[in-house]
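Below you'll find the structure, written out as structure tokens, and then a few comments.
Please treat every number below as a calculation from the coordinates, not as lab data. These numbers come from a predicted model, not from an experiment. Counting neighbours? That spans all protein chains shown, and the Cβs are built from the backbone with ideal geometry, glycine included.
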Amino acid sequence: MLRVTPIYAGLLGLLLVGLSIRVIQGRVRFRVGLGDGGNHDLTRRIRAQANCAEYAPFGVLLLAIAELQGAGTLWLHGFGAILLIGRLAHATGLSGSGGESPLRSVGMALTFAALIGLSLLCLGRAFGAI
């Protein structure tokens, strides 16, 4: 039974819903039914939501596989927390600025760190190295 993965899946799911609500609010506020209507604020909201939808599911999948392979709880919470913090940082950074954003960069770095770490953990456990 999965005990750690559902925590991060649930939190990332709530983050995605929150970002989706921001897109809906932007569509209503700027009266845009499809696309971004050339509105830069709405574009950032859409990309923050889409980026979360692109990266979070694969991170959760890797986390679940690692947990099913018997990875330790500390590894799972560590990588789960890094993934969650990365997604939160990226969404916050992208929502605030369309240009360079240190928070956005940190968010992607943390997300990649979690994905790489989980990938290596899964591979290591698959080949009996970890």
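Overview of values
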{"read-out": "So Leu115, is it in contact (Cβ under 8 Å) with a residue 24 or more places away in the chain, under 18 Å from the mean Cα position of the chain (by Cα) and within 21 Å of Arg3 (Cα to Cα)", "value": "yes"}
{"read-out": "Qualifying positions in region 1-22 - surrounded by fewer than 16 Cβ atoms within 10 Å (Cβ to Cβ) and within 13 Å of the chain's Cα centre (by Cα)", "value": "Gly10, Gly13, Leu14, Val17, Gly18"}
{"read-out": "Residue tally, condition in contact with an Asp or Glu (Cβ under 8 Å, 6 or more places away or on another chain) and surrounded by fewer than 15 Cβ atoms within 10 Å (Cβ to Cβ), over region 63-113", "value": "0"}
{"read-out": "Test: residue in region 27-40 that is within 18 Å of Gly107 (Cβ to Cβ), aromatic (Phe, Trp, Tyr) and in contact (Cβ under 8 Å) with a residue 12 or more places away in the chain", "value": "no"}
{"read-out": "Hits in region 1-56 - residues which are in a loop (DSSP other than H, G, I, E, B) and either polar (S, T, N, Q) or under 30 Å from Ile116 (Cβ atoms) (or both)", "value": "Met1, Leu2, Arg3, Val4, Asn39"}
